[in-house]
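Trainee: Questions regarding the structure given below will be posed in turn.
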Amino acid sequence: MSQATLEKQDRTTAERRGFPLSAYLICARGIIGREGLRFLHQRERFVSALVRPLLWLFIFAAGFRQVLGVSIIAPYQTYVLYEVYITPGLMGMILLFNGMQSSLSMVYDRETGTMKTLLVSPLPRWFLLVSKLSAGVAVGVLQVYVFLAIAWFWEVQPDWQGYLYVLPAIVLAGLMLGALGMLLSSLIQQLENFAGVMNFVIFPMYFASSALYPLWRIRESSPLLFEICRFNPFTHAVELMRFALYGQLNLEALAIVAGCTIVFLGGAILAYDPSRGIISRKRQ
């Protein structure tokens, strides 16, 4: 294909989108770079994100190792230690809190005016929000892999291929949880209300899931809670990472997590639309 043909295709694409590809790349680089600088300047955020799951791994798991036995269930081929079982759930904990932390930063930016500056950009609103979401997911992926590196010294040692297979699952789970946080941030009017709303979301999602105990144990004790756990998107995010960590694909979990990601992200884009979301509510 000739150079002239390629240039003609680029111009056609630019006219269709309204902006050249370089404008999108510059915008995405600016948003992701800003989140990266914020992450580097807030080292306590990185430490706190690791302290919480490590405490569960080192203390909680050690105390309940003999009480909460885990039978041979997929994807495990043998009996596993309780620390091994809860590791995917703790990975999900990191992504869940990171998604909520990103939504907190959006509420803060909205109050300080930074978010308004971003949203008045002529680029499409969906692209700005997806770039913001991608930056948060990149930070969450880094935190998860640091946690896995530390957990390796605590007898959580899957095959080395599992660290590669689990990457797409981590990214997809991070997108779903980050999109949920973004959707919630559009509903929170003031920063003071953030803690109450987040606790109402984080703890039910985490404890009513398979992060800490197998679903068959929940079904034995409470059929109602079992059904709640089945419909919890966080359960399927944990199971998707659990299977991927051992080189297996859970199709049901993949479909549910992907579907929830589309729904949450679509809702966030609509909520941040000037005619429907934040701006219209503030005018009212």
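Taken together, the values in this text are just the output of simple stated rules run on the coordinates, not laboratory data. Keep in mind that what you see is a predicted model, and the values were worked out from it rather than measured. Cβ placement follows ideal geometry from the backbone for every residue including glycine, while neighbour counts extend to all protein chains displayed.
Trainee: Once you list every other residue whose beta carbon is under 13 Å from the beta carbon of Gly92, what net charge do they have if Lys and Arg are +1 and Asp and Glu are -1?
Mentor: Here the charged neighbours net out to +1.
Trainee: Give the peptides 169-178, 153-162 in descending order of average Cβ contacts within 10 Å, highest first.
Mentor: 169-178, 153-162
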